[in-house]
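A.B. asks: Sharing a structure, written as structure tokens. Questions coming.
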Protein chains: 2
Amino acid sequence: MALIVHKYGGTSMGSVERIQNVARRVAKWHRAGHRMVVVPSAMAGETNRLIDLAKAIQAEPDRRELDMLASTGEQASVALLAMALKVEGVDAISFTGWQVPIVTDSAFTKARIESIDDHRVREHLDQNRVVIITGFQGIDHAGNITTLGRGGSDTSAVAVAAAIKADECLIYTDVDGVYTTDPRIVSDARRLDRITFEEMLEMASLGSKVLQTRSVEFAGKYKVKTRVLSSLTPPDIALDKEMNSGTLITFEEEMDGTHMEQAVISGIAFQRDEAKITLTKVPDVPGVASRILGPVAQANIDVDMIVQNQAVNGTTDFSFTVNQNDFKRALKVLEEQVVPTLGGGEVTGDPLIAKVSIVGLGMKSHAGIASRMFECLAKEGINIRMISTSEIKTSVVIEDKYLELAVRALHKAFGLEGAPVEEGGA
Amino acid sequence: MALIVHKYGGTSMGSVERIQNVARRVAKWHRAGHRMVVVPSAMAGETNRLIDLAKAIQAEPDRRELDMLASTGEQASVALLAMALKVEGVDAISFTGWQVPIVTDSAFTKARIESIDDHRVREHLDQNRVVIITGFQGIDHAGNITTLGRGGSDTSAVAVAAAIKADECLIYTDVDGVYTTDPRIVSDARRLDRITFEEMLEMASLGSKVLQTRSVEFAGKYKVKTRVLSSLTPPDIALDKEMNSGTLITFEEEMDGTHMEQAVISGIAFQRDEAKITLTKVPDVPGVASRILGPVAQANIDVDMIVQNQAVNGTTDFSFTVNQNDFKRALKVLEEQVVPTLGGGEVTGDPLIAKVSIVGLGMKSHAGIASRMFECLAKEGINIRMISTSEIKTSVVIEDKYLELAVRALHKAFGLEGAPVEEGGA
């Protein structure tokens with residue numbers, strides 16, 4: 001029988017009844033003979049409640065103390081889940097991050113896991129106990145409580161799975177897997193049975209927020225077989241059905257050839273609420289890019305896409321996108337701090353644009369994928385404002401109002417549509 | 001300057017505003033040059049909220065997991081208070097029980113403190129920080145979180161004060177000290193400037209619930225100068241006034257002679273909601289008492305007073321008091337389990353009685369104190385049902401309806417009345 005890690009999000013742990021459902025599901029796996037480790041999040045709303053309390057006291061809460069505070073949410077969850085499992089007749093024991101211990105660096109509120117001691121976990125697994133471990137948190141070398149930042153429980157689960165060499169890490173969430181695109185926009189979007197880590201990373205960072213990006217990186221680095229699946233199925237759903245549901249995030253070499261041939265593109269990701277800023281007639285000299293983006297970064301404005309074109313007549317154009325909320329501030333930084341020092345340049349901007357990306361490992365080996373994308377958009381009369389590419393994705397910036405049209409057209413053009421695959425199907 | 005421990009209860013920590021007030025008060029002490037350790041309780045209501053959640057999941061929650069859960073309340077408090085102190089411009093750092101560490105035995109939900117390592121606390125005090133430590137909790141030798149039971153934060157504070165050899169432990173609460181009796185019954189009840197540990201123990205266990213009994217025992221054992229004072233005074237009240245307010249719990253040898261002569265009795269304690277059960281015509285043979293109380297204890301019924309009289313004609317009478325809620329169950333236990341095995345005895349009971357006690361170290365050296373008590377009650381026409389005495393207290397059981405009358409008459413008879421002593425007075 002296998003060694004399995006389950007991770008449950010805040011919604012799955014959101015009430016007494018839901019915690020009982022989680023316990024029933026875990027008990028089912030345990031009774032089938034699997035050795036189980038469970039990583040639950042804080043009950044939905046709890047982390048926000050705590051952070052609101054902190055902010056009411058200190059506008060920018062001290063980060064060490066904020067971690068001390070926020071980590072209590074998961075600590076309460078693990079204890080409650082252990083109780084619920086005992087009611088199910090399954091022996092269980094809960095551990096905090098420091099009890100395992102899960103050792104992190106000291107970057108409070110965004111710590112990174114350095115090591116996990118599996119000794120204690122294994123000792124209790126050997127006694128046929130379900131081991132429940134707090135997500136989101138660890139302990140630094142000085143004995144302080146740290147947290148991994150928002151969504152850190154995904155990372156905790158994958159890291160624990162890596163440390164104990166689990167056969168699979170199952171991330172239960174409120175969607176039933178990773179889709180070719182957002183089903184709210186394309187009604188016949190298809191759930192993917194499998195996706196590679198690389199594709200998942202591009203999908204996640206581009207807005208398909210199923211899994212925290214860092215957890216996917218972790219899974220890729222330590223080769224943890226990770227599955228995203230629904231926590232909304234009945235807890236007593238047949239185990240073999242559940243084991244093959246959702247989307248398995250896996251390695252390139254494990255993907256079968258057929259899959260790669262069939263679908264050069266795995267999905268269409270997109271991002272709304274972005275804004276575009278362009279500096280034209282910038283003198284084409286070394287160091288220009290950093291002189292433009294340095295002051296932007298110093299103003300704590302995150303930049304997404306960056307595009308610079310070949311210089312013509314000694315000047316070049318430089319464009320980047322930011323979150324819509326940062327648009328005005330970014331314009332101001334450019335006009336007041338950048339243009340005067342550059343000795344040239346004109347600032348223009350578009351306060352509302354959208355980014356659409358095609359993602360797929362198949363792109364590496366198929367020429368002409370990008371041009372097929374551009375052709376498709378042209379056919380719909382959608383003007384492309386910016387283009388940026390990587391090995392496994394191509395992104396374009398378009399007018400916001402064309403977003404749905406673009407996603408639907410691309411989804412169709414790349415043959416992604418289809419009825420959702422049946423549970424357990426391949 | 002002194003090394004001081006402050007303890008704040010759940011009410012004092014009950015809201016953002018109140019936490020800010022606690023921070024202001026602590027900051028005032030710190031600015032005056034004192035080295036400060038603070039032990040706050042969980043925010044009012046939080047511990048109950050957590051226990052209710054646990055009970056909704058498991059009727060009798062697993063005790064290890066309950067401690068894991070309940071300890072989060074204090075952990076949140078210390079973090080919030082550290083933030084509030086930083087806002088006051090005072091450097092502060094919070095620690096959980098396991099971080100100090102406060103080592104306890106493994107009796108979950110009612111653990112006892114075994115040792116406290118003061119190394120870490122001192123290190124941060126030396127850096128001019130206020131050190132904030134979770135009340136109510138510790139860590140056992142296996143690394144599990146334990147709690148000390150309800151009111152355990154008082155004990156934590158006194159134990160920490162003992163470990164770091166604090167000059168004084170100040171317990172801030174919603175009353176301004178220990179009174180000669182309940183001011184709700186006797187309007188001119190007087191706040192005591194000082195009381196001995198022994199008297200405080202009798203006052204506490206007899207119903208003057210100002211401090212948890214165990215914390216008083218601890219203070220007595222480790223000679224921790226402990227003061228009970230009000231958290232309701234303005235946080236910026238003058239420090240010298242605050243330092244001399246409340247009631248100091250101290251040692252017999254420190255009490256000045258005058259005090260002992262003046263007041264042979266320190267206070268009148270009482271307990272309502274008790275019931276009395278009497279077994280008459282009990283065969284006077286060895287082991288009778290345990291054969292009566294054994295089954296009562298097994299039924300988890302707490303017994304308060306126990307009185308047995310000299311045997312007459314080979315039989316004796318045996319009486320004890322229980323909480324009113326346990327009266328019917330106790331009667332049933334006696335009739336069904338005790339009387340049949342004793343081979344005799346008749347059960348009678350009184351479902352509602354009250355206990356009144358006079359408490360005072362002076363009783364040791366003054367003959368006739370008890371008789372003065374009985375005389376006073378007789379003068380009021382109050383019949384005494386039971387009498388029990390110890391070195392520093394005499395308790396009587398009377399009809400419930402006479403309670404207020406008895407307390408007022410005794411308070412007057414022993415000259416306890418008087419206007420509350422001025423703040424700072426001796």
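The numbers here are math on the coordinates, done by the rules we state, and not lab data. This structure is a prediction, so every number in the text was calculated from the model and none was measured. Please note: Cβ atoms are built from the backbone with ideal geometry, for glycine as well, and neighbour counts cover all protein chains shown.
A.B. asks: Normalized C-alpha radius of gyration of the range B:32-96, against 2.2 N^0.38 Å?
C.D. replies: 1.41
A.B. asks: Additional query: Could you check which residue among A:Gln212, A:Gln324, A:Gln137 shows the biggest mean-square fluctuation in a GNM of chain A with a 10 Å Cα cutoff?
C.D. replies: Of the options given, A:Gln324 has the highest mean-square fluctuation.
A.B. asks: Based on the alpha carbons, how large is the Rg to Rh ratio for chain A when Rh follows Kirkwood? Each step should come with its number before you reach the end.
C.D. replies: Details: Rg = 23.6 Å, Rh = 23.4 Å.
With Rg and the Kirkwood Rh in hand, the quotient comes to 1.01.
A.B. asks: Across all directions of projection, what mean area in square nanometres is found for the Cα convex hull of the protein assembly as shown?
C.D. replies: On the way: hull surface 179.9 nm².
Approximately 45.0 nm², given one-decimal rounding.
A.B. asks: Any idea what the dipole of the range A:173-243 comes to, in debye rounded to 20, about its Cα centre with Lys/Arg Cβ at +1 and Asp/Glu Cβ at -1?
C.D. replies: 220 debye
A.B. asks: Can you put A:Ser215, B:Ser15, B:Ser231 in order of Cβ neighbours within 10 angstrom, beginning with the fewest? Intermediate values should be presented prior to the final figure.
C.D. replies: Numbers: A:Ser215 27, B:Ser15 14, B:Ser231 23.
Final ranking by Cβ density, sparse to dense: B:Ser15, B:Ser231, A:Ser215.
A.B. asks: Sticking with this structure for a sec: Sort B:Met13, B:Met83, A:Met36 so that the residue with the fewest other Cβ atoms within 10 Å of its own Cβ comes first and the one with the most comes last. Kindly include the intermediate steps, with their values, before the conclusion.
C.D. replies: On the way: B:Met13 27, B:Met83 30, A:Met36 23.
Ranking B:Met13, B:Met83, A:Met36 by Cβ neighbours within 10 Å, fewest first, gives A:Met36, B:Met13, B:Met83.
A.B. asks: Out of B:Ala162, B:Val87, B:Ile113, whose Cα points farthest toward the positive end of the dipole of the range B:3-256 (charges: +1 Lys, Arg; -1 Asp, Glu; placed on Cβ)?
C.D. replies: So the residue furthest toward the plus end is B:Val87.
A.B. asks: Still on this structure: Given springs between every Cα pair under 10 Å in a Gaussian network model of chain B, which of B:Ala84, B:Ala311, B:Ala330 has the largest fluctuation?
C.D. replies: Evaluated over chain B, the most mobile residue of the options is B:Ala311.
A.B. asks: Could you give the dipole magnitude of chain A about its Cα centre, charging the beta-carbon of Lys and Arg +1 and that of Asp and Glu -1, in debye to the nearest 20?
C.D. replies: 340 debye
A.B. asks: Taking square-rooted eigenvalues a ≥ b ≥ c of the alpha carbon gyration tensor, is the range A:1-126 rounded, prolate or oblate, where a/c under 1.5 means rounded and, failing that, a/b exceeding b/c means prolate?
C.D. replies: oblate
A.B. asks: Another question, then. Report the gain in length on full extension from A:Ala59 to A:Ala299: 0.36 nm times residue separation, minus Cα-Cα distance, nm rounded to one decimal.
C.D. replies: Length gained between A:Ala59 and A:Ala299: 84.5 nm.
A.B. asks: Counting only other chains, and only Cβ atoms inside 10 Å, what mean value do you get across the residues of A:77-89?
C.D. replies: The shielding value for this peptide is 6.
A.B. asks: Right, next: Taking a ≥ b ≥ c as the square roots of the eigenvalues of the Cα gyration tensor of the range B:106-175, is the shape rounded (a/c under 1.5), prolate (a/b larger than b/c) or oblate?
C.D. replies: oblate
A.B. asks: As a footprinting exposure proxy, order B:Leu66, B:Leu342, A:Leu148 by other Cβ within 10 Å, with the fewest listed first.
C.D. replies: Ascending number of Cβ neighbours within 10 Å: B:Leu342, B:Leu66, A:Leu148.
A.B. asks: In the neighborhood of A:Asn300, defined by Cβ-to-Cβ distances under 10 Å, what is the net charge if each Lys or Arg adds +1 and each Asp or Glu adds -1?
C.D. replies: Value of the local net charge: -1.
A.B. asks: If you don't mind, another one. For chain B, the longest stretch holding no GluC sites (Glu not before Pro) located in a DSSP loop with at most 16 other Cβ atoms within 10 Å is which?
C.D. replies: In short, B:1-379.
A.B. asks: When Lys and Arg each count +1 and Asp and Glu each count -1, what net charge do the other residues less than 12 Å away from A:Ser115, Cβ to Cβ, add up to?
C.D. replies: -4
A.B. asks: Another question about this same structure. Using a Gaussian network model on chain A with a 10 Å cutoff between Cα atoms, which of A:Ile132, A:Ile57, A:Ile392 fluctuates the most?
C.D. replies: It is A:Ile57.
A.B. asks: For the range B:3-256, what does the alpha-carbon gyration tensor say about shape, rounded, prolate or oblate, given a ≥ b ≥ c as the root eigenvalues, a/c under 1.5 as rounded, and a/b over b/c as prolate? Walk me through the numbers on the way to the answer.
C.D. replies: Details: a/c = 1.41, a/b = 1.17, b/c = 1.21.
In terms of gyration-tensor shape, rounded.
A.B. asks: Average partner chain C-beta neighbours within 10 Å, per residue of B:95-107? All intermediate terms of the calculation are to be shown ahead of the outcome.
C.D. replies: Details: counts 3, 7, 0, 4, 7, 0, 1, 0, 0, 0, 0, 0, 0.
That works out to 2 on average.
A.B. asks: Same structure again: Dipole of the range A:279-412, Cα-centred, from +1 at each Lys and Arg C-beta and -1 at each Asp and Glu C-beta, to the nearest 20 debye?
C.D. replies: Working: 14 positive and 15 negative charges, 72 e Å.
In total the dipole reaches around 340 debye.
A.B. asks: Average partner chain C-beta neighbours within 10 Å, per residue of B:66-76?
C.D. replies: 6
A.B. asks: Something else now. With both partners inside the protein assembly as shown, how many of the DSSP beta bridges are antiparallel, as a percent to the nearest 5?
C.D. replies: Roughly 65 percent of the DSSP beta bridges within the protein assembly as shown come out antiparallel.
A.B. asks: Mean separation of Cα pairs under 8 Å and 6+ residues apart, divided by the residue count of chain B: what relative contact order is that in percent? Mind dumping the intermediate values first?
C.D. replies: Details: 916 pairs, mean separation 61.4, N = 426.
Result for chain B is 14 percent.
A.B. asks: Same structure, new question: Could you compute the net charge surrounding B:Ile57? Neighbours are other residues with a C-beta less than 12 Å from the C-beta of B:Ile57; K and R count +1, D and E count -1.
C.D. replies: Around B:Ile57, the charge tally is -3.
A.B. asks: A follow-up question, please. Can you give the angle from 0 to 90° between the axis of helix A:369-379 and the longest principal axis of chain A, with both taken from C-alpha atoms, to the nearest 10?
C.D. replies: With both axes taken from Cα atoms, the answer is about 70 degrees.
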